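Colleague: The structure's right below; bear with me while I get my questions together.
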Amino acid sequence: MARTALGSSVASAIVNLNVEPDPNTWVWLNFSNSNPEPGALSALLEAASRSELTAIIGPKLVSSANPRIITQLGLTLTPLGDAFSPVSEVFDQGQKDRAGDVLAVGAPGMLFRASLLAEVGNFDENAPELAADIDFSIRTRMAGYRVAVEPAARVSYDGKGVELGRSLKVERRKATIHLRMVYSPIWLVALYWLTLIPMGFLRAIYRIAQKRPDRIWAELYSGFWGFFSAPRRLQSRRNIPKQSKVTLASLKPLRASWGEVRLANRASADRDESQQNLAAFARADENEAPAKGFGESFAWLFVILLAAASWKLFPVGVVTGGSALPLSPDLSHLFARAGASWQPIGDGFIAPSDPFNWVLLMLGSATFWAPQLSIGFLLFAARSLAFAGAWRVAGLATKKAWVRNLSALAYALWPTFGVGLGSARVPEVVATICLPWLVLAITRAAGIGRFGSARSNRQTWSWVALAGLLLAIEGASAPSLLPLILLGLAVVALMRIRRLGYLFWIPLPLGAIFAPYAYALIVGLGQPAAVLADSGVAASTRIFNNLELLIGGSVLTVVYIAVSLGALMTKRWVAALALWGFGLVLLVGAWLTQRLVFPGYETKTVTGSPLVLLSAVALVVTVLSAIALDSIGKKGLTRIVATVVLLGGFAPLTYLAATSSTSFSSTDGRVVPWLLVSQGDTDAQLLVISASRNNYAVQWLPARGAHLEDLSTIYRFDLKNRVNSSDYQRLAKLAGNMVSANGLDISAALQQSNVEYVLVPNDGTAKVVEIAGSLNSVPQLESAGDTEFGKLWRVKSAGKIGYTKHSVWSVTKGVQVAVICSFLLLAIPSRGRKKSFDAEIFLGEEESDV
Amino acid sequence: MFRRSLALVVVLAASIGFYLNGASFEYAISSPPSPILVVTQAKDLTLVCPGAVFQAGGNSGTSLNVGRVGSATLSGRFASQPGLLLQEQRLNGVLGVTTGKVNDTLTAASALTVVDQTGKAIQGSAMLSGVQVQKVAAPNLSGLAAANCVRPSSDSWLVGGSTSPGRETLVVLSNPTGVDSTVNLELIGTGGTVAAPGLSSISVPKLKTAVIPISGLAPNLSTFAVHVVSSGGALGTWLETRTIRGLTPGGVDFVGPSADPAKSLSIPGIFIRGSVDAATLIKLNDAYSDLVPMLRITSTSTKDATVTAQFLGSSAKTFGTVVQQVVAANSSLDIPITGLVDGNYVAFINSSQPIRASIRLSRTKVSQTDFAWAPAVAALSRTVAFNAPAGAISKLSIANPGRVSALVHVGASHYTIPPSTAITVSVPAGAGSQIFSNVPVSASLVIDIGGLISVVPVIDYKNLGGQLSVLVR
């Protein structure tokens, strides 16, 4: 019963006192950690003598560490019924020195008439810690007495009671629930009791949106506590004075208004911010003058320029080919494929989908009216977005606008990024875009950086959530980079060990979406290294030789690399050396990655893609260039170096970006002929038969075809086991009989495999002609014509194939959605209230802060 | 400054170390799925032979009918085994299966089928093969026409023919199946697909042969290839092409289905004889100008094809020649090959895009002329049988398109063919034989009867089936 110690301990102390219930006898409550100043009691008694109706008088509680700080001066309730201390952590300048009526006063230093014990009863033993004194005061009020504070009486006190406005989240919420259940009409109490648990969850979500994840536990725990301890609350209702004509509602003037609550919250946030500023000041991080913003630096000009250089990527349809498949045109399909749920390819199975599917869902949601278009837009805007991110990362090293612009351009124009864009390698492109933003978010959350950091805990939580989401995107898009990112995060956490409480949460969304997938690969399939497999379509990139790896795939980067070597000769050479070291580790990672050989899908095997690791190297070069260029002091030299970098680095890289070819095309986004598109929602399967030199390849797909989100790495790795199953053996036999056209009856096999259509992609080879000739003579098939996807046949005798509706949910997916939504809520900045309180002189700084 | 310089040196040294690192390895994470091996019964092997040549317009050339002239001699080979049964079906519209004969006289088209009740026999030309030969000497139709009996197909390409004045091309479509067939023809000319009426929805009834005169549908077309696409029953397809100069017949030949398109082709069997007589005739009369050998290339690629054809002679006197041309996407092109003296040649063709090719060559003996279309021949990868017709001089031209010498077995004899060369082997008349090589080679049989010529490729026949490797995913 430690948590209700106040109510029970005060009650038992009073009982032990055995005072006479005399109206002229006063009881003064003091605790071992309260220290009344001289004259406090006389001031209280003088206040008591002013009115016969005054039954409780509270002192001004001050901090024992600093007696000029008022920690409490009376208590009340907010309009929502929360316990509320109107005066908290206020510097005492005499501004609060007016005695007056309050709804309640805290137990420490409380002076009350002994007769109250007979009239309203003792302190409630059932009341939670923060509710006991308020409850006692309210009963006193309801008995018709006054409750007042006397500021002239000062008591220094360091107990929990004064922390109402600061911490004690669980106690505070329990106090609210207790008071609600004790003083509300009984029917309202019943309703309130029923909604306590769901309300706890809703309030937890609200707390996340408020960037107060520290209160989630309090909301959930208190909800359950209130629900299961209802009998004790109902028992406490008996303490309400029977003859009372005063209701809680009639005491409304004594309760805090919304305005007061807002002001108190604002003051609390300001205190938090000033603490952050002090901490930043202590780290000597605070900059002497703010850097120029994105607009002021004319960085937007480069955004436009990069968009122009990406003219070949301008979306004129749905990106198909290269390393991309169209996304499903239906957002609900994207959602169905994300997380652990039913996977329709092959014979269908339940397994965790690729974590990258969450990224696809996010991309598709960006163009929710036509999710398929999102990839085209992404490719087109990729260089601009990467530039914007790198520009902000460069800001960690310099505040000179021209340096940020020039060095960030290197990242956006890096040749290996162009390789990914040209072949529509969506995961690599997403990872490259997000990488600088992730670095920025982690540094903000960790409070690293020369020019400003998160200005309050709430902002820090926003950065933590953003970093968490970006890490999840990065990990899902580029698993090969993940070990090095986690290593980097660990180093940051060690550097800022005090921030561990924040940084600890960053990997949570990644864990939520990656862990089930990794578990299935590691434990389910026994292939731990498979987690390093690239996301998306399994397609090899070309193998870069050592020199190409060093120079980012093209000799045109040499100027930038030379400049970044120059960073070693600056004052910040230690940081530069560390960055170079990390860059070389990334290079070795890239070198190793392209030596990994994974099972393929279209091709037999694929090698690991080093593109994202090379993008990370590009980001290192960007920061190193920024360090080097930032250190140039002389104006004349600045002009020369800037000209050299512009003409020798930026110009040729822009030319390369604008002229490099693309290997994808724009289509209407279908992956199967129209006839099959209209058959979408059935269990009907499509067999796609193609022939290579020695093999026939049979794809077993739902009739609507396979979109990008239907790909499954787990399926790819598990296929070697699956092909031994009877279903796959039967299908192989079926395909063999079809291409042989040997006249055997294949009706049963077609029906068992739910095959309703057969498609032979027309690649113009003789084998295709031969297969087509065979299928033409299979009596169970009828030609459905030549389509742009190849020759199509329909199974003649196919009866109506039903539709099994598979749930798009699973417990794992529920958890994943909850974590992602929580982090999204937490990441969305809540700046509206903040701005109205900002002085205008700070507004210019906003841009450079983010 | 020393420490900074040291840092620079360290970074440079590490980078150079990275560059010089020569380690090379691959680490396989898991293994790709193995294809499933399935044993399926193949469809019974059927070969269909075109029968006697057709004569459009009758002897007078004015009749509206297209009729057959004379009869063709079928020379074939059937490797009889227990459980195999050879059946024959004459394509006269009436179902009537008889015991098959591989040496026969054909008037109508005829289909030979090996019925394999167990489905386990290995199909191929070694099991069943046949070639038909007909020497014709009608008033407006003369020459030697030889054709392979072919496996019915629903999609085939015929590269050859002309419909210029005095030149006639018929498409012969034989349906050996019990299902009617509907055919669409596509002509790829010098400018791409030729639009002409009557090329689509051509009906070929079951067990019958249809003859479509290209000359009537698309006259004055000197260069084209015909694409035959059928739905329903699969067809045997040929072009029958003839030449008349004034009132003098100038030759006749069958053109069989072309090999698959490829970037490297070889055309064996280019035997040039009577080139001096031909030159004399050309000088006298321009109508003989098509006695010059001519290479026809058809590209169905979407990109222009740069084609280099190398004609190699078999002796020091026959140097051969090299031609290079660009063939526009989806078009056919004729390239005259001038300057070839009498001798045996082979053509090796390389192209930037997959193409089909064949060569028209002529045989001139004083004023008698005949021509033959020698097609590009797919390289043979296993033992293949061929038949030398009785009463004819037959020579086997074997080309080795590879980069290593080929050890070739023809019957009981062995020959070594150096890379990128060809040899000629005489084959006794009326004998069937087999050819096998350790590396893929191409071969054609050049048939000569009384100074008239025909060239038939040595091909393999196989229906899909047997052990297939299927990758399910």
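Colleague: For A:Arg722, only one of the following conditions fails: (1) touching a Gly at 6+ places or on another chain (Cβ under 8 Å); (2) more than 7 Å from every other protein chain (Cβ to nearest Cβ); (3) over 20 Å from B:Pro33 (Cβ atoms); (4) at pLDDT below 90. What is its number?
Modeller: Exception for A:Arg722: condition (3).
Colleague: So which strands (runs of 3 or more DSSP E) are wholly in region B:1-105 and hold at least 1 residues that are within 14 Å of chain A (Cβ to nearest Cβ) and either within 30 Å of B:Leu141 (Cβ to Cβ) or more than 31 Å from the chain's Cα centre (by Cα) (or both)?
Modeller: In region B:1-105, the matching strands (runs of 3 or more DSSP E) lie at B:36-40, B:45-49.
Colleague: Could you list all residues from region A:781-818 that are part of a loop (DSSP other than H, G, I, E, B), within 13 Å of A:Leu750 (Cβ to Cβ) and not β-branched (Val, Ile, Thr)?
Modeller: Within region A:781-818, A:Lys796, A:Ser797, A:Ala798, A:Gly799 meet the criteria.
Colleague: Surrounded by 14 or more Cβ atoms within 10 Å (Cβ to Cβ), in contact with a Leu (Cβ under 7 Å, 6 or more places away or on another chain) and farther than 30 Å from A:Leu731 by Cβ: does that describe B:Gly57?
Modeller: no
Colleague: Still on this structure, please answer the following. Take the residues in region A:296-331 that are out of contact with any Phe, Trp or Tyr (no Cβ under 9 Å at 6 or more places or on another chain) and of a type in the set (Gly, Ala, Ser); name whichever of them is farthest from A:Phe368 (Cα to Cα).
Modeller: Checking each candidate, the answer is A:Ala308.
Colleague: Give the number of residues within region B:451-471 that are closer than 20 Å to B:Gln132 by Cβ and in a strand (DSSP E or B).
Modeller: 6
Colleague: Name the strands (runs of 3 or more DSSP E) wholly inside region B:184-250 in which the number of residues that are closer than 27 Å to B:Ala138 by Cβ and in contact (Cβ under 8 Å) with a residue 24 or more places away in the chain is 3 or more.
Modeller: Because the criterion is at least 3 residues that are closer than 27 Å to B:Ala138 by Cβ and in contact (Cβ under 8 Å) with a residue 24 or more places away in the chain, the strands (runs of 3 or more DSSP E) in region B:184-250 that meet it are B:208-213, B:224-232, B:236-245.
Colleague: Please find, among B:Val131, B:Val150, the residue that is within 15 Å of the chain's Cα centre (by Cα) and within 14 Å of another protein chain (Cβ to nearest Cβ).
Modeller: B:Val150
Colleague: Quick check: anything in region B:153-176 over 27 Å from B:Thr223 (Cβ atoms), within 14 Å of chain A (Cβ to nearest Cβ), crowded, with 23+ Cβ neighbours inside 10 Å and touching a Leu at 6+ places or on another chain (Cβ under 8 Å)?
Modeller: Yes, the conditions are met somewhere in region B:153-176.
Colleague: Is region A:305-314 home to any residue that is of a type in the set (Gly, Ala, Ser), in a loop (DSSP other than H, G, I, E, B) and in contact (Cβ under 8 Å) with a residue 12 or more places away in the chain?
Modeller: yes
Colleague: If the requirement is being more than 10 Å from every other protein chain (Cβ to nearest Cβ), over 16 Å from A:Leu565 (Cα atoms) and among the hydrophobic types (A, V, I, L, M, F, W, C), which of these qualifies: A:Val612, A:Val620?
Modeller: Step by step, each of A:Val612, A:Val620 is checked, and only A:Val612 is more than 10 Å from every other protein chain (Cβ to nearest Cβ), over 16 Å from A:Leu565 (Cα atoms) and among the hydrophobic types (A, V, I, L, M, F, W, C).
Colleague: Looking only at region A:562-588, which residues are within 29 Å of A:Ala529 (Cβ to Cβ), buried (at least 21 other Cβ atoms within 10 Å of the Cβ) and more than 8 Å from chain B (Cβ to nearest Cβ)?
Modeller: Once the filter is applied, which keeps residues that are within 29 Å of A:Ala529 (Cβ to Cβ), buried (at least 21 other Cβ atoms within 10 Å of the Cβ) and more than 8 Å from chain B (Cβ to nearest Cβ), region A:562-588 yields A:Leu579, A:Gly583, A:Leu586.
Colleague: Residue under question is A:Pro599, and the condition is that it be surrounded by 19 or more Cβ atoms within 10 Å (Cβ to Cβ) and either at pLDDT below 90 or touching a Pro at 6+ places or on another chain (Cβ under 6 Å) (or both); does it hold?
Modeller: yes
Colleague: Which residues, counting only those in region A:696-716, are of a type outside the set (Val, Ile, Thr) and at the interface with another protein chain (Cβ under 8 Å from one of its Cβ atoms)?
Modeller: Once the filter is applied, which keeps residues that are of a type outside the set (Val, Ile, Thr) and at the interface with another protein chain (Cβ under 8 Å from one of its Cβ atoms), region A:696-716 yields A:Tyr696, A:Ala697, A:Gln699, A:Trp700.
Colleague: Shifting gears a bit: Name the residue that is surrounded by the fewest Cβ atoms within 10 Å (Cβ to Cβ), counting only residues in region A:89-106 that are in contact with a helix residue (DSSP H, G or I) (Cβ under 7 Å, 6 or more places away or on another chain) and of a type outside the set (D, E, K, R).
Modeller: Among those residues, the one meeting the criterion is A:Ala99.
Colleague: Regarding A:Arg716, is this residue in the same structural domain as A:Thr682 (by TED's automatic domain parsing), more than 24 Å from A:Glu770 (Cβ to Cβ) and either part of a helix (DSSP H, G or I) or touching a Pro at 6+ places or on another chain (Cβ under 6 Å) (or both)?
Modeller: Criteria met by A:Arg716.
Colleague: Among the residues of region A:738-780, write down those that are part of a helix (DSSP H, G or I) and more than 7 Å from chain B (Cβ to nearest Cβ).
Modeller: Residues satisfying the conditions are A:Met738, A:Ser747, A:Ala748, A:Ala749, A:Leu750, A:Gln751, A:Gln752, A:Lys767, A:Val768, A:Ile771, A:Leu775.
Colleague: Name every residue in region A:536-556 that is in contact with a Ser or Thr (Cβ under 6 Å, 6 or more places away or on another chain) and either away from chain B (no Cβ under 13 Å) or among the β-branched types (Val, Ile, Thr) (or both), in order of residue number.
Modeller: A:Val537, A:Ala539, A:Thr541, A:Ile551, A:Gly553, listed by residue number.
Colleague: Is region B:32-45 home to any residue that is at negative phi, free of Cβ contacts under 8 Å to residues at least 24 places away in the same chain and buried (at least 16 other Cβ atoms within 10 Å of the Cβ)?
Modeller: Within region B:32-45, one or more residues are at negative phi, free of Cβ contacts under 8 Å to residues at least 24 places away in the same chain and buried (at least 16 other Cβ atoms within 10 Å of the Cβ).
Colleague: If you scan region B:440-473, which residues turn out to be of a type outside the set (A, V, I, L, M, F, W, C), away from chain A (no Cβ under 14 Å) and over 18 Å from the mean Cα position of the chain (by Cα)?
Modeller: Scanning region B:440-473 gives B:Asp448, B:Gly450, B:Gly451.
Colleague: A follow-up question, please. Among (1) within 12 Å of another protein chain (Cβ to nearest Cβ); (2) out of contact with any Gly (no Cβ under 9 Å at 6 or more places or on another chain); (3) hydrophobic (A, V, I, L, M, F, W, C), where does A:Val523 come up short?
Modeller: (1)
Colleague: Out of all the residues in region A:108-122, which are not in a strand (DSSP E or B) and not polar (S, T, N, Q)?
Modeller: Of everything in region A:108-122, those that are not in a strand (DSSP E or B) and not polar (S, T, N, Q) turn out to be A:Pro108, A:Gly109, A:Met110, A:Ala114, A:Leu116, A:Leu117, A:Ala118, A:Glu119, A:Val120, A:Gly121.
Colleague: Taking region A:144-179 only, how many residues are under 25 Å from A:Asn66 (Cα atoms), at pLDDT below 90 and not in a helix (DSSP H, G or I)?
Modeller: 8
Colleague: Shifting gears a bit: Do we have A:Thr605 as within 8 Å of chain B (Cβ to nearest Cβ) and hydroxyl-bearing (Ser, Thr, Tyr) here?
Modeller: In short, yes.
Colleague: For A:Tyr502, state whether it is assigned to a helix (DSSP H, G or I), of a type outside the set (D, E, K, R), more than 14 Å from chain B (Cβ to nearest Cβ) and within 24 Å of A:Ala424 (Cβ to Cβ).
Modeller: Here the answer is no, as A:Tyr502 does not meet what is asked.
Colleague: Looking at B:Thr369, is it under 30 Å from B:Lys283 (Cα atoms), among the β-branched types (Val, Ile, Thr) and modelled with pLDDT under 95?
Modeller: It is true that B:Thr369 is under 30 Å from B:Lys283 (Cα atoms), among the β-branched types (Val, Ile, Thr) and modelled with pLDDT under 95.
Colleague: Now a separate question. Tell me which strands (runs of 3 or more DSSP E) are completely within region B:371-430 and hold 2 or more residues being touching a strand residue (DSSP E or B) at 6+ places or on another chain (Cβ under 6 Å) and closer than 15 Å to B:Asp460 by Cα, or say none if there are none.
Modeller: B:384-387
Colleague: Based on what the data block shows, is A:Ala269 small (Gly, Ala, Ser), surrounded by 14 or more Cβ atoms within 10 Å (Cβ to Cβ) and at pLDDT 80 or above?
Modeller: No, not satisfied.
The values are calculated or read from the model by the stated rules, or taken from the named source; none is laboratory data. This one's a predicted model, so the numbers in the text were calculated from it and none came from an experiment. Using ideal geometry, Cβ is built from the backbone for each residue, glycine included, and neighbour counts are taken over all protein chains shown.
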